[in-house]
Amino acid sequence: MYRPIEKVLVKMLNLRHVIVLMFIFSGNCELEKTRIFSSKNLPPTRQEFRWSNGKPAKSFDPAKASSPPETDIVRAIFKGLTDVDPQTLEPMPAVAVNWVSSEDYRTWTFYLRKDASWTNGERVVAQDFVRSWQRVFSLKEKSPNRKLLRNIVGLDDGPTGMREDSSQSSSKHDNILSPKSEADGSEAVKSAGKLSDISKSEEDRLQTKRASGDMRLNNGDKSRSIGLKVLDDFTLEVNLVTPDPQFPLLVSNPVFYPVYDGGIEFERDELNPAITTNGAFRITSVGLDGITLDKNENYWDKAKVRLDRVKIIPVQSEDEGLKRYEEGEFDVLTNVELSPTLLKLLESYADFFKTTHAAVNFYQFNLSKPPFDDRRVREALAIAINRRSITEDELGGTAVPAYSFSPFGKLRLVEDIERAKTLLKEAGFSDTENFPIVRLLINRNDAQRRIAKAIAKMWQKNLGIKTEIVSKDAAEVENAFSSGEFDLVRRGVVFPTKDEVANMMLMFQDHISLNKTSAENELERKWQDSIGEKTQDRIEANRLDKQVIKNEQEAFKILPAIPIHFPISFALVKPYVRGFVLNSFDSPSLEQVWIDTDWREIKKDEPNS
C-alpha cells in the first residue's frame with residue numbers, strides 16, 4: 001500500500017518515469033541519470049533563490065541555532081571569525097583574515113578585518129566576539145551547542161581556575177595556519193588597532209566596550225577568569241584547556257558568531273526582521289509564507305555575492321515539499337525526511353544529491369560494569385557486527401556503515417568474527433555460556449528496535465552471546481544512562497563541526513574511568529606500539545585515574561562505544577542553480593550560489609546547440 005506521498009508521486013509519474021522506476025529495481029539506473037525529477041524547470045529571471053529547508057524557523061539567534069532551517073538562515077545573515085569551505089570543509093577567512101597559534105595549539109590569536117561592519121554601519125570588533133561567547137555560556141541549556149565552548153579556559157562548566165589565565169599563556173606565534181589573505185585582509189592585519197579612520201561616535205562606543213570587557217565571568221556568586229583576551233579592537237586571543245590544532249575550524253560554527261550589543265535584540269523577539277547582523281544577507285521580511293533575505297549592502301565582500309534575494313520557504317511535510325518542488329515553486333529542497341522507497345526512486349534523477357551526514361548512531365558501554373570494563377570484550381562485540389546488513393536490510397539504504405566514530409575518521413574497525421572469538425577467549429570467556437546476558441538500552445523507536453534485534457541476532461549467531469533489549473522513552477533512557485543502569489545504551493550525536501577534539505569531547509563528554517588489568521595494559525601497549533605512539537604518551541594513557549577522550553586515537557585505544565551507522569542527507573537542486581554544494585554539515589554557502597538565468601532544458605528530441 002502506498003503512503004500519501006507515494007500516491008502523489010505515482011500521479012506525477014508519466015510513462016517516462018515508470019520506465020525509470022523499472023531501471024531502479026533492476027539495478028540498472030545509470031542510463032537515466034540525465035533525467036530531471038521536476039517537470040517545471042524555468043529559471044527565475046533575476047538573481048532570486050527560492051529554498052525550502054524544512055519547517056518554519058524558530059529563532060535567528062546564533063546561540064540557539066543547532067540545525068536547519070535555523071542554521072541556514074544564521075549562516076546567511078551573520079559572519080564569524082572563520083567560514084568553512086563547503087567543498088573541502090576546511091576553514092576560510094571571514095571576519096578574521098589571519099590567525100596564528102602557539103606551538104602547543106593552546107593559544108590562538110585572530111586578526112580581524114577592519115572593513116567588517118554591522119548592518120547599522122558600526123564596526124565589528126574583537127569585543128563583540130567576547131561578549132557574544134560570554135552570552136552563550138550564560139544561556140546555559142538554552143544554547144544547544146554551548147558545550148562547543150567548553151575547551152576555552154573558564155567556559156567549561158567545571159570549577160573555577162582550570163588553567164592559567166590569558167595573561168600567563170604562551171605568546172610564541174610560529175604556526176601560521178590561515179590561507180593567504182587578500183589585499184584588504186593583509187592591510188587589516190598590518191593596521192590592526194589603528195582607529196584614525198573611525199568616527200568619533202564609534203570610537204566612544206569602542207571605548208565603552210573595552211571598558212566593559214574585563215575578561216571575567218560571573219557564575220552565580222563566583223567569578224572566574226576566562227581565556228579570552230582583547231589585545232586591541234581587531235586582535236582577539238583565545239586560550240584553550242586542551243590543545244586543538246583545528247580550532248579555527250571549530251569557530252566557524254554558528255554558536256561562535258558575534259551578535260550585536262551582547263544579543264539584547266533577541267531578548268525582545270527571536271524572529272525580529274529588524275535585528276542588526278553582519279553577514280552577506282539581511283532579513284527584510286518574516287511571514288507565514290517564509291522569510292526574505294536581501295543582499296547586505298554593508299557587507300565587506302558584497303561584490304562577490306551574486307544573489308540579490310533569497311526566499312526561505314517552509315513546508316510541513318515531505319508530501320508538500322516534493323509536490324511544490326516538482327511544480328517549480330522551489331529551486332532547492334532540503335531537510336525533509338524521505339522513506340527508503342522514495343530515496344531509491346529519486347536516486348535515478350540528475351537533480352537528486354546525497355551525502356553522508358555528520359552524525360553517528362552508536363552503542364556506548366558502561367565501563368564500570370564487568371565484563372565491559374575489559375577492552376577485549378568491547379572490541380569483540382564491536383567487530384562481530386555486519387554493519388552493511390544493518391544499513392541495507394534494516395534502514396533501507398538511508399544510512400551508511402560506521403567503522404569509525406565520525407565520518408571524518410581515519411582509523412577503522414575491521415569486522416572479524418574469528419578475531420572476536422579469540423578476544424573473548426583471552427578475556428576468559430572460552431565458553432560464552434558463562435558470558436552474562438547483555439542489557440541493551442534503546443529509545444522506544446521502530447527503527448532502533450529493528451537495528452537492536454538484528455545486532456542481537458548477530459551476537460548470538462557469531463559469538464553465542466544473548467541480549468536483552470530494553471526500550472524506554474527518551475527521558476527514561478537519559479535517567480538510566482546517568483544512573484548507570486545499563487550494559488550498553490544507544491546514543492546519537494550530530495557533529496556541529498569537523499574539529500576532532502570538539503567532536504570526541506561531545507561524544508564522550510563524561511570522564512571515562514578505567515581500572516585496567518595488567519593483561520589489558522599489555523594489550524594496549526602492543527596496540528600503541530603498532531601505531532607508533534611515544535613512550536611518554538603510553539605512560540600517561542595507562543594511568544588509573546580518570547581521563548577525557550580528546551581525539552579519535554584515544555577513542556580507539558579505549559573503545560568506549562560501538563559505532564553503528566552514519567545517516568545520509570539529501571537535496572533536490574534545479575539544474576539552473578549554480579554553486580549550491582551539499583555537504584556533511586548541511587551548510588551550503590549562499591555567497592557562492594547564483595541562478596543561471598539563461599539555462600533552458602534540452603528536450604530529448606531537441607538537438608544540442
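Could you calculate the FRET efficiency of Leu231 with Glu478 from 1/(1 + (r/R0)^6), where r is the beta carbon distance between them and R0 is 35 Å, rounded to 0.05? Display every interim value, and only then the final one.
Details: r = 42 Å, r/R0 = 1.20.
The computed FRET efficiency comes out at 0.25.
Would you please put 446-457, 243-254, 38-49 in order of how densely packed they are, using the mean number of other Cβ atoms within 10 angstrom per residue and starting with the highest?
Details: 446-457: 16.9, 243-254: 22.8, 38-49: 15.2.
Top to bottom by mean Cβ count within 10 Å: 243-254, 446-457, 38-49.
Each label was represented as a point 7 Å from its Cα along the Cα-to-Cβ direction; for Ser317 and Ser368 these points are 4.6 nm apart. Structural descriptor for segment 244-394: relative contact order 9 percent, calculated from alpha carbon pairs under 8 angstrom and at least 6 residues apart. Maximal additional length on extending the Arg306-Lys55 stretch stands at 87.7 nm, based on 0.36 nm per residue less the C-alpha distance.
Annotation: the residues Glu320, Glu552, sorted from fewest to most other C-beta atoms within 10 Å of their own C-beta, follow the order Glu320, Glu552. Full extension of the chain between Glu601 and Ile469 gives 42.2 nm of extra length, using 0.36 nm per residue less the Cα-Cα distance. Sequence-distant contacts, meaning Cα pairs under 8 Å at least 6 residues apart, place the relative contact order of segment 45-150 at 20 percent.
Remark: spin-label model distance Asp85-Arg268 equals 4.2 nm, labels positioned 7 Å along the Cα→Cβ axis. Packing, taken as the mean count of other beta carbons within 10 Å per residue, orders the peptides 394-403, 67-76 from highest to lowest as 67-76, 394-403. Scalar couplings 3J(HN,Hα) for segment 558-573, obtained by applying the Karplus form with A = 6.51, B = -1.76, C = 1.60 to θ = phi - 60°, are 8, 6, x, 8, 10, x, 10, 7, 9, x, 10, 10, 9, 8, 10, 10 Hz; x denotes Gly and Pro. Beyond a 21 Å Cα-Cα separation, which of these cross-linked pairs lie in this structure: Lys142/Lys302; Lys79/Lys311; Lys114/Lys302; Lys79/Lys304? Where the Cα-Cα span goes over 21 Å, the pairs concerned are Lys142/Lys302.
Students often get this wrong, so check it: of Lys55/Lys354; Lys461/Lys550; Lys344/Lys466; Lys55/Lys323; Lys64/Lys147, which have C-alpha atoms separated by over 23 Å? Those over the limit are Lys461/Lys550; Lys344/Lys466.
Every number in this text was worked out from the coordinates using simple rules, so none of it is lab data. Here the structure is a predicted model, which means the values were calculated and not measured. Methodologically, a virtual Cβ is constructed for each residue, glycine included, from the backbone with ideal geometry; neighbour enumeration extends over all protein chains shown.
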